[in-house]
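Participant: This structure is in structure tokens; I'll ask about it shortly.
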Amino acid sequence: MIDPQGLLNVIEHFPGARAVLYGDLVLDRFILGTPKRISREAPVIILRHERQEDVAGGGANALANLASLGVRVQPVGVVGNDEQGRSLRSLLDRQGIDTTRIITVSDFQTPTKVRILGGGASSLKHQVARYDIEDQLPADGNWTTLLAENLGAAALEADAIAVSDYGYGAVTADILSAIEGSRRSARLTCLDSRYRTGLFPGIDGATPNLGELEAWAGKPLKNDEAVSEAAEGLRQTLGARFVLATRGNRGMTLAEIDQPPVHIPVFGTDEVADVTGAGDTVLAVLVASLAAGATPGEAAVLANIAGGLVVMKLGTATVNADELSRAVRSLLSP
């Protein structure tokens, strides 16, 4: 059983922890408007534009969460030489995040998810459409060498490393191998990958969601026993210390080396407001906790609590250390 006081001690050590976020950096763009009328040309709502809001998304959202927790974090990734890339850099700069190890690739578009939201001036806005700007990094060029060098150098200063693979090409097994000779054995590398988790043997931990774990297993996982078996199978395949499977309103399942799988019930209510970016928050809190000296079990419990908090927020959101501490203290109440 995890001691809540021990979890509070971990959170207190966040400011002294150092982490690297290596992965696909994404811009989440929200365009907000109020309904004007129905178009005469097609049965669609015409919105009067109010404002645009840009926030860090994808791996950059995990990065923003790490910074919000008070962890000293260094990003290693790629953006395009475009307006979206400049906006993302500016967002990170305003958070006080050092962006010197983010590479700009000229013939690449910064991945951007554009959500159009409509609603009354004094009411909640609801998403009515979305489009994605997507690109793949070029096969040639020196960006891979530069990224590997940046990752190796950043890893020298890190207590833990978060790897966020959204499939846009920044995360490769070859580049990830750059850290093998530069990190102490005490450092842990945790991977959150969109359906490619099995391609990165040698990582210390992975955080697949249920759909990703089912894709790896090649079958539906309909109960705790099936999820536990698949999580342990993935852990053994990767040679990892642990696999933390996230299961939405059914909580999480932790498969750890030399330990029986453990199911962690969902924290808070199972009625959610928005699951956007919840996996990024889980990865960030897991890595922050490990960097602060937590065991995988303690880190998993804190990540589960953070996941329960962030899904109650609208849009791409973060969780800070104070929120996490208050939630842990609620476990101490009779």
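The values are calculated or read from the model by the stated rules, or taken from the named source; none is laboratory data. This structure is a prediction, so every number in the text was calculated from the model and none was measured. Cβ coordinates were reconstructed from backbone atoms using ideal geometry, including for glycine residues, and neighbour counts include every protein chain displayed.
Participant: Check off (1) at pLDDT 90 or above; (2) hydrophobic (A, V, I, L, M, F, W, C); (3) touching a Gly at 6+ places or on another chain (Cβ under 7 Å) for residue 162 and give me the number that stays unchecked.
Facilitator: Result: residue 162 fails condition (3) only.
Participant: Is at least one residue of the range 323-330 modelled with pLDDT of 90 or more, more than 20 Å from residue 65 (Cα to Cα), in contact with a Pro (Cβ under 8 Å, 6 or more places away or on another chain) and in a helix (DSSP H, G or I)?
Facilitator: Checked against the condition, which is being modelled with pLDDT of 90 or more, more than 20 Å from residue 65 (Cα to Cα), in contact with a Pro (Cβ under 8 Å, 6 or more places away or on another chain) and in a helix (DSSP H, G or I), the range 323-330 yields at least one hit.
Participant: Of all residues in the range 219-240 being touching a strand residue (DSSP E or B) at 6+ places or on another chain (Cβ under 6 Å) and among the charged types (D, E, K, R), which is surrounded by the most Cβ atoms within 10 Å (Cβ to Cβ)?
Facilitator: This residue is 235.
Participant: Among the residues of the range 291-314, count how many are more than 14 Å from the chain's Cα centre (by Cα) and closer than 20 Å to residue 60 by Cβ.
Facilitator: Of the residues in the range 291-314, 4 are more than 14 Å from the chain's Cα centre (by Cα) and closer than 20 Å to residue 60 by Cβ.
Participant: May I pose another question? Kindly list the number of the only condition in (1) surrounded by fewer than 16 Cβ atoms within 10 Å (Cβ to Cβ); (2) under 30 Å from residue 37 (Cβ atoms) that fails for residue 106.
Facilitator: Against the list (1) surrounded by fewer than 16 Cβ atoms within 10 Å (Cβ to Cβ); (2) under 30 Å from residue 37 (Cβ atoms), residue 106 comes up short only on (2).
Participant: Let me ask you something else. So for the range 111-134 (the condition being among the aliphatic types (A, V, I, L, M), closer than 23 Å to residue 28 by Cβ and in contact with a helix residue (DSSP H, G or I) (Cβ under 9 Å, 6 or more places away or on another chain)), does at least one residue qualify?
Facilitator: Looking for residues that are among the aliphatic types (A, V, I, L, M), closer than 23 Å to residue 28 by Cβ and in contact with a helix residue (DSSP H, G or I) (Cβ under 9 Å, 6 or more places away or on another chain), one finds at least one in the range 111-134, hence yes.
Participant: Identify the residue in the range 306-322 that is part of a helix (DSSP H, G or I) and surrounded by 24 or more Cβ atoms within 10 Å (Cβ to Cβ) and, among all such residues, is modelled with the lowest pLDDT.
Facilitator: The qualifying residue modelled with the lowest pLDDT is 310.
Participant: Regarding residue 69, is this residue under 15 Å from the mean Cα position of the chain (by Cα) and within 17 Å of residue 163 (Cβ to Cβ)?
Facilitator: no
Participant: Can you find even one residue in the range 84-93 that is of a type in the set (Gly, Ala, Ser), farther than 21 Å from residue 157 by Cβ and over 19 Å from the mean Cα position of the chain (by Cα)?
Facilitator: yes
Participant: How many residues does the range 1-46 hold that are surrounded by fewer than 20 Cβ atoms within 10 Å (Cβ to Cβ), closer than 21 Å to residue 71 by Cα and over 18 Å from the mean Cα position of the chain (by Cα)?
Facilitator: 9
Participant: If I go through the range 250-301 residue by residue, how many of them are in a helix (DSSP H, G or I), at pLDDT below 95 and among the hydroxyl-bearing types (Ser, Thr, Tyr)?
Facilitator: Going through the range 250-301 one residue at a time, the tally reaches 1.
Participant: Evaluate the range 208-222: report whether one residue or more is touching a Cys at 6+ places or on another chain (Cβ under 9 Å) and modelled with pLDDT under 95.
Facilitator: Within the range 208-222, not a single residue is touching a Cys at 6+ places or on another chain (Cβ under 9 Å) and modelled with pLDDT under 95.
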